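Input: a single structure, listed below in structure tokens.
The values are calculated or read from the model by the stated rules, or taken from the named source; none is laboratory data. Since the model is a prediction, treat every value here as computed from it, not as a measurement. Because the Cβ atoms are built from the backbone with ideal geometry, glycine has one as well, and the counts that use them run over all protein chains shown. Accessible surface is based on the protein model in full, side chains and every heavy atom, while ligands, DNA and RNA are left aside. Shrake-Rupley method; radii C 1.70, N 1.55, O 1.52, S 1.80 Å.
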Amino acid sequence: MPLKNDAKILVIDDMSTMRKIVRKMLNKMGYSNIEEADDGDPAWKMINEASDAGQPFDFIVSDWNMPVLTGLDLLKNIRSSEKFKKLPFLMVTAEAEQANVVIAVKAGVSNFVVKPFSIQTLKEKIDKIFP
């Protein structure tokens, strides 16, 4: 089922420029309910608080490399939680190494996209997660 335009999306990246780029791409695709976090640690808190408030996130777009809690560690937290283990998760990475892809897949990533990427590539990745 395609991702609805009113889906609640969390974009996580330690670089504000990258968060703005992803947000702008998502806006152009018709999504407007977007929140941001600058690291996996505050993101994990936001994910839990949103769920506790009865307004859980529908989709996570997270950078891999962040200083406190990496995207991979955030993904592991999410997948180990009964509440969030099915939460769709798109990993954004600057590293296209096959070993990293395997690590992310084993950790349960829904899909991944390598920086830099176009709006078309992002849409294709989202469409694969939400057919």
Q | Square roots of 5 times each gyration tensor eigenvalue, C-alpha, the chain, largest first, Å | A | 18, 18, 15
Q. Hey, if we sort Trp44, Trp64 by accessible area with the 1.4 Å probe, largest down, what's the order?
A. Trp44, Trp64
Q | Qualifying aspartates and glutamates (Cα of each under 13 Å from Cα of Lys24; at least 8 residues distant if same chain) | A | Glu35, Glu36
(Q) Once you place label points 7 Å from the Cα toward the Cβ at Ser80 and Lys45, how far apart are they in nm? (A) 2.0 nm
Q: Roll a 1.4 Å probe over the protein heavy atoms and report the accessible area of Asp58 in Å², nearest 10.
A: 70 Å²
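Using a 1.4 Å probe on the protein chains only, how many percent of the accessible area of region 1-109 belongs to carbon and sulfur?
Answer for region 1-109 is 52 percent, counting heavy atoms of protein chains only.
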Q) HN-Hα J couplings of region 84-97 from phi, Karplus 6.51/-1.76/1.60, θ = phi - 60°, integer Hz, Gly and Pro as x? A) 10, 4, 9, 5, x, 9, 9, 8, 10, 9, 8, 10, 8, 4
**Q.** Most to least accessible of Ser51, Ser110, Ser32 (protein chains only, probe 1.4 Å)
**A.** Ser32, Ser110, Ser51
Q. What value, in deg cm²/dmol to 500, does the helix sum -39500 (n - 2.57) over DSSP H runs of n ≥ 4 give at 222 nm once divided by the residues of the chain?
A. -13500 deg cm²/dmol
Q) Using the alpha-carbon centroid of each, what span in Å lies between region 73-131 and region 1-29? A) 14 Å
Q. What residues qualify as long-range amide H neighbours of Phe89, i.e. H under 5 Å apart, gap of 5 or more or another chain, H built at 1.01 Å from N?
A. Ile60, Ser110, Asn111
Q: Roll a 1.4 Å probe over the protein chains and send me the accessible area per residue for region 1-108 in Å².
A: 52 Å²
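Please tell me which of these pairs span more than 21 angstrom C-alpha to C-alpha: Lys20/Lys76; Lys83/Lys106; Lys45/Lys106; Lys86/Lys125; Lys86/Lys115?
Pairs exceeding the cut-off: Lys20/Lys76; Lys45/Lys106; Lys86/Lys115.
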Q. Considering only protein heavy atoms, what is the solvent-accessible area of Val101 at a probe of 1.4 Å, reported in Å² to the nearest 10?
A. 30 Å²
